[in-house]
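Here is the structure we will look at, set down as structure tokens.
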Amino acid sequence: MLKRMREGSAFFIKGVMVLVVVAFVGTIFVVWGVKSTPGDLARRGVVATVAGTEISVDDYQQALRQQIEVYKQIFGDKFDQKLLESMNLKQQVVELLIRRILVLQHAERMGIGVSAEELAEEIRRIPAFAGKDGFNRQRYLDILRANRLTPERFEADLRRSLTERKMEALIRGAIRVSEAEARETFRQIHRQLTVEVVQLPAGDEGKKLADKITVAIGQGKPLAAASKEAGVTTRQLGPFPLDSLPKEIPDPDAFRQGVGLLKPGETSPLVTGQKASYLIRLMTQQDPPEAEYEKGEEAFRAQLLLQKRAVVFADWLRQLRQAAKVTVDQDSL
């Protein structure tokens with residue numbers, strides 16, 4: 001699997017360079033469930049089961065409280081119940097706990113773990129446990145006691161956190177970006193496009209109009225004429241690059257995916273977005289000068305590698321979740 005990820009790029013969506021990743025950082029102070037047997041989740045005080053491992057209501061509530069404290073530090077007085085609900089934080093927390101269990105289960109199957117030496121070294125690196133001369137065991141024990149933690153529980157939680165990080169690093173580290181891939185991606189993003197666009201309503205109304213226009217195009221009529229027969233107009237936009245779409249486009253991500261793989265003269269199938277739908281014909285494209293890539297090659301490849309790793313890792317997690325039996329009691333959130 002790692003070899004396929006290292007050599008291939010099938011998971012990477014070309015042309016999409018602006019990827020906003022919301023990092024949901026948890027803490028290590030999470031108690032993990034034990035193997036479960038079938039039954040009513042709420043009755044057993046369980047929020048979710050992940051391939052037989054339970055997430056208890058207490059574990060979930062503890063993780064939720066920790067995340068609320070994190071966001072209170074970030075947003076200050078602006079953090080209130082309304083913001084909490086808009087962020088869908090409760091669902092984010094349970095999904096994070098599910099993700100952790102999936103990653104740890106996979107690491108166990110692969111025989112990946114954390115040695116006693118690695119664990120001890122990580123504890124010694126934590127600044128809170130340091131005295132004047134480095135790690136101070138008495139300070140370590142005092143801080144754990146103040147947080148109502150035993151060394152055994154803390155170290156078990158830390159071991160799980162380190163194992164998760166090691167598994168993630170293994171997956172991400174297997175990803176590479178070749179010279180050819182970097183050049184082609186740069187070309188896709190920075191080529192100047194001129195398009196003919198039919199913007200349609202979202203939903204069934206847009207689909208009906210698109211079907212009518214598509215039939216007319218199949219009869220040999222150009223997009224503009226076919227659209228006019230359907231009672232809608234076309235617009236010509238461009239030239240523009242994929243990473244800077246015209247302001248007239250209300251659904252840039254959907255539009256970008258629709259136009260990204262077109263060749264000059266081709267018309268896209270119906271591209272659906274949340275605010276509108278589109279039929280797009282690529283009229284012309286102009287590739288960027290080679291010197292433009294050479295000038296920023298190092299920074300571009302580094303950025304591309306980071307994004308490709310994020311996309312592949314997210315897809316790996318999605319596949320883990322699809323393959324596992326996951327049950328969530330939404331009423332317990």
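What helices (runs of 4 or more DSSP H) lie completely within the stretch 1-114 and have 3 or more residues being closer than 30 Å to Ile189 by Cβ and modelled with pLDDT under 85?
2-7
Can you name every residue in the stretch 277-295 that is in contact (Cβ under 8 Å) with a residue 12 or more places away in the chain and of a type in the set (D, E, K, R)?
Arg281, Asp287, Glu292 - these are the residues of the stretch 277-295 that are in contact (Cβ under 8 Å) with a residue 12 or more places away in the chain and of a type in the set (D, E, K, R).
Can you pull out every residue in the stretch 193-208 that is touching a Ser or Thr at 6+ places or on another chain (Cβ under 8 Å) and either not assigned by TED's automatic domain parsing to the domain that holds Pro241 or not in a loop (DSSP other than H, G, I, E, B) (or both)?
Those that are touching a Ser or Thr at 6+ places or on another chain (Cβ under 8 Å) and either not assigned by TED's automatic domain parsing to the domain that holds Pro241 or not in a loop (DSSP other than H, G, I, E, B) (or both): Leu193, Thr194, Glu196, Val197, Val198, Gln199, Leu200, Gly206, Lys207.
With respect to Glu298, determine if the residue is part of a helix (DSSP H, G or I), surrounded by fewer than 14 Cβ atoms within 10 Å (Cβ to Cβ), without any contact (Cβ under 8 Å) to a residue 24 or more places away in the chain and within 27 Å of the chain's Cα centre (by Cα).
yes
Would you please name the residue that is farthest from the chain's Cα centre (by Cα), looking only at residues in the stretch 203-237 that are closer than 16 Å to Ala276 by Cβ and of a type in the set (A, V, I, L, M, F, W, C)?
Among those residues, the one meeting the criterion is Ala230.
Taking the stretch 260-295, which residues are charged (D, E, K, R) and either assigned to a helix (DSSP H, G or I) or closer than 23 Å to Gly203 by Cα (or both)?
Once the filter is applied, which keeps residues that are charged (D, E, K, R) and either assigned to a helix (DSSP H, G or I) or closer than 23 Å to Gly203 by Cα (or both), the stretch 260-295 yields Lys275, Arg281, Glu290, Glu292, Glu294, Lys295.
Kindly list the number of the only condition in (1) more than 30 Å from Ile213 (Cα to Cα); (2) in a helix (DSSP H, G or I) that fails for Ile189.
(1)
Determine which member of the set Phe135, Phe79 is closer than 24 Å to Lys166 by Cα, touching a helix residue (DSSP H, G or I) at 6+ places or on another chain (Cβ under 9 Å) and among the aromatic types (Phe, Trp, Tyr).
When all the criteria are applied, what remains is Phe135.
Given the conditions (1) among the polar types (S, T, N, Q); (2) at pLDDT 90 or above; (3) outside any loop (DSSP other than H, G, I, E, B), report the number of the one that Gln257 does not fulfil.
Single failed check for Gln257: (2).
Give all pairs with beta carbons closer than 6 Å in which a residue from the stretch 227-243 that is assigned by TED's automatic domain parsing to the domain that holds Ala254 meets a residue that is acidic (Asp, Glu) and outside any loop (DSSP other than H, G, I, E, B); count only pairs at least 6 apart in sequence or on separate chains.
Thr234/Glu196; Gln236/Glu196
Can you tell which of Gln138, Gln91, Gln105 is loosely packed, with under 14 Cβ neighbours inside 10 Å, out of contact with any Cys (no Cβ under 7 Å at 6 or more places or on another chain) and either in contact (Cβ under 8 Å) with a residue 24 or more places away in the chain or not assigned by TED's automatic domain parsing to the domain that holds Leu320 (or both)?
Gln91
The values are calculated or read from the model by the stated rules, or taken from the named source; none is laboratory data. Predicted model, so just to flag it, every value in this text is computed and none were measured. Cβ: placed from backbone, ideal geometry, glycine included. Neighbour counts: every protein chain shown.
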